[in-house]
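Q: Structure in structure tokens, see below.
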Amino acid sequence: MKSLDDAVERHPDGVVLHIDVLPGSPALMIPAGFNAWRGSIEIRLTERADHGRANRQLIQEIARSFGISQGDVEILSGHRSHRKVVLMRGIDAESVLAALRRSLR
């Protein structure tokens, strides 16, 4: 089993998140939970995975949730997958982990 620390990696430019996205959900939830088997953060999006809508909502909501600009959020891999790797620039891992732990209580 993995811990929340496995979903958040330090990066020279900020933090990399390992995410499982559930598009087309009835409610937006960031984070919606933690998948201990995969070591990833679960996020529910209201937009469907259609023409990049879910990816745009993911970037927008991650930026809003962590108080950074949308330009500082980049999907590194998984553009067409439910499993994504996202870079957040200009934020440290300790801040991200603290915010996630508060939200997941």
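To keep it simple, each residue is scored yes or no on (1) touching a Gly at 6+ places or on another chain (Cβ under 9 Å); (2) small (Gly, Ala, Ser); (3) modelled with pLDDT of 95 or more; (4) open to solvent by less than 50 Å² (accessible area, probe 1.4 Å).
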site	(1), (2), (3), (4)
Ile19	yes, no, yes, yes
Gly33	no, yes, yes, yes
Arg48	yes, no, yes, no
Ala54	yes, yes, yes, yes
Arg83	no, no, yes, no
Arg89	yes, no, yes, no
Glu94	no, no, yes, no
Ser103	no, yes, no, no
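Q: Also: Could you figure out which of (1) free of Cβ contacts under 8 Å to residues at least 60 places away in the same chain; (2) closer than 20 Å to Leu4 by Cα isn't true of Lys84?
A: (1)
Q: Can you find, within region 56-81, the residue that is least open to solvent (accessible area, probe 1.4 Å) among those that are charged (D, E, K, R) and under 16 Å from Asp20 (Cα atoms)?
A: Glu61
Q: Name every residue in region 35-46 that is in contact with a Phe, Trp or Tyr (Cβ under 9 Å, 6 or more places away or on another chain) and surrounded by 20 or more Cβ atoms within 10 Å (Cβ to Cβ), in order of residue number.
A: Correct list: Ser40, Ile41.
Q: Could you tell me which of the residues Glu74, Glu47, Glu94 is free of Cβ contacts under 8 Å to residues at least 40 places away in the same chain and in a strand (DSSP E or B)?
A: Answer to the selection: Glu74.
The values are calculated or read from the model by the stated rules, or taken from the named source; none is laboratory data. This one's a predicted model, so the numbers in the text were calculated from it and none came from an experiment. All Cβ positions, glycine included, derive from the backbone under ideal geometry; neighbour counts span all protein chains shown. The area values use the complete protein model at the heavy-atom level, side chains included, leaving out ligands, DNA and RNA. Shrake-Rupley method; radii C 1.70, N 1.55, O 1.52, S 1.80 Å.
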